[in-house]
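Student: What follows is a structure written as structure tokens; I'll ask about it next.
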Ligand SMILES: *Cc1c(COP(=O)(O)O)cnc(C)c1O
């Protein structure tokens, strides 16, 4: 299990060409909304920045390169990217969604898009027979998040894609948790890959953004039309920050995942810890599958603490290297309480069913020194 050598190179160069006018090695921030035309509709390829902007164009080329796809599209948030994907569907279409999705994804589907005649069905996709059983003639899309948030379940992308092909449904993979460095859904049969670039791709807790990657020309045209017509695009400065972030994605992921592995090992032998969720542990239910479809296990670890909720809060407040905050994937370590924070919008019965309870803690392991991270957990748990 290791990062492909070519991926370290790819992230440094993806999308960025020297500026043709000045030779600037970094893509300039084209902070402009409009472009002067020589004659009506005669211009240099850009007419209005909702439709296209040179800084965003470079980012979209970089996005495509990250997933080895033909096309990339940039959005103003991960949820805006999801919205554009869903908006290619029609009323009456059925979407299968894995049950352990990011809280905001479930909220977008249940509370917003369900109003427009789309049908969402949430199922446990760790059992492939559940997917086979739930597909019906109106199923147009199968939405996978793997590893899932916050319980880090792993779903077999290749097996789901095979079923989807037979049903002529599109497979969407939310690849935010693994990042393009550790998982390549297109190689496993996916049709659309999306990321919240707020997380690992951005990596510095300073932007909100989303990405969609596609191979099929028609699918690209349809999603690009939503991007243009609805306009949830990032500004040039966000695009620039992401171009800068992408260059260090591979080295960051290497350290995130090294830290997470050590944290998972440390927690699994700690007497105050009830259970640990990390796909890199041999005790993880889908460890073999994770080893097969991922090249590393990324930086997220969840665990259940023994004792009362008050005890959990004390531990959260004692942590110093880990800051108590929502989000993940930044260079700094973060700790989150899913039940009260990121997953508060998940219906209570669903949370119970999934196992998101008062004692569950989710860690986003940053890139600080491994010993300092472990020492922080040690003192907080003592
Ligand atoms: C954060 C997140 C999203 C939503 O992205 P935003 O950038 O917050 O809109 C979607 N999926 C996953 C897995 C996430 O972690």
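Read-outs throughout are calculated quantities, based only on the coordinates presented, and are distinct from any laboratory measurement. Owing to the predicted nature of the structure, the values given are computational and were not obtained by experimental measurement. Here the Cβ positions follow ideal geometry from the backbone for every residue, glycine too, while neighbour counts run over all protein chains shown.
Student: Relative to the present Cα-Cα distance, how much length would full extension add between residue 114 and residue 382 at 0.36 nm per residue of separation?
Tutor: Working it through step by step, the gained length comes to 91.9 nm.
Student: Mind checking which of 20, 54, 40 has the largest fluctuation in a GNM of the chain, springs on alpha carbons under 10 Å?
Tutor: Top of the fluctuation ranking is 40.
Student: Have a look at the DSSP beta bridges in the stretch 5-246 and tell me what percent are antiparallel, nearest 5.
Tutor: On the way: 12 of 29 bridges.
Just about 40 percent of them are antiparallel.
Student: Moving to a separate point now. Starting from 0.36 nm per residue, how many nanometres of slack lie between residue 31 and residue 133 once their C-alpha separation is accounted for?
Tutor: Full extension of this stretch gives 31.7 nm more.
Student: Compute the relative contact order of the stretch 148-224 as a whole-number percentage, counting only Cα pairs closer than 8 Å that sit 6 or more residues apart in sequence. Walk me through the numbers on the way to the answer.
Tutor: Details: 90 pairs, mean separation 18.0, N = 77.
About 23 percent, as a whole number.
Student: Can you tell me the 0 to 90 degree angle between the C-alpha axis of helix 54-67 and the longest principal axis of the chain, rounded to 10?
Tutor: 50
Student: Most mobile of 334, 89, 267 per a Gaussian network model of the chain (Cα springs, under 10 Å)?
Tutor: Greatest mean-square fluctuation among the candidates belongs to 89.
Student: Does a label point 7 Å from the Cα of residue 288, set along Cα-to-beta-carbon, have any residues of the stretch 125-153 with amide nitrogen under 17 Å, and which are they?
Tutor: Correct set: 126-129.
Student: To test your reading of the geometry: what angle, between 0 and 90 degrees and rounded to tens, separates the Cα axis of helix 309-318 from the longest principal axis of the chain?
Tutor: Between helix and principal axis, roughly 60 degrees.
Student: Shifting gears a bit: How much length is gained on full extension from residue 162 to residue 248, taking 0.36 nm per residue of separation minus their Cα-Cα distance?
Tutor: Length gained between residue 162 and residue 248: 27.6 nm.
Student: Among 275, 184, which comes first, second and so on when ranked by fewest other beta-carbon atoms within 10 Å? Mind dumping the intermediate values first?
Tutor: Values: 275 15, 184 23.
Going from sparsest to densest Cβ surroundings: 275, 184.
Student: Ok, one more. Provide, in order from the shortest bin, the percent of all Cα-Cα pairs of the chain in each 20 Å bin, continuing until the bin that contains the maximum pair distance.
Tutor: 29, 57, 14, 1
Student: State the antiparallel share, in %, of DSSP beta bridges confined to the stretch 250-381, rounding to the nearest 5. Walk me through the numbers before you get to the answer.
Tutor: Details: 12 of 14 bridges.
So the antiparallel bridges in the stretch 250-381 amount to around 85 percent.
Student: I would also like to ask the following. Given a Förster radius of 22 Å and the C-beta distance between residue 13 and residue 368 as r, what FRET efficiency does 1/(1 + (r/R0)^6) yield to the nearest 0.05?
Tutor: 0.20
Student: A further question on this structure: At a threshold of 8 angstrom on Cα-Cα distance, excluding pairs fewer than six apart, so keeping six or more, what relative contact order does the chain reach in percent?
Tutor: 18
Student: How far is it, in nm, from the label point at residue 352 to the one at residue 309 when both lie 7 Å from their Cα along the line to the Cβ?
Tutor: Result for the modelled spin labels: 1.4 nm.
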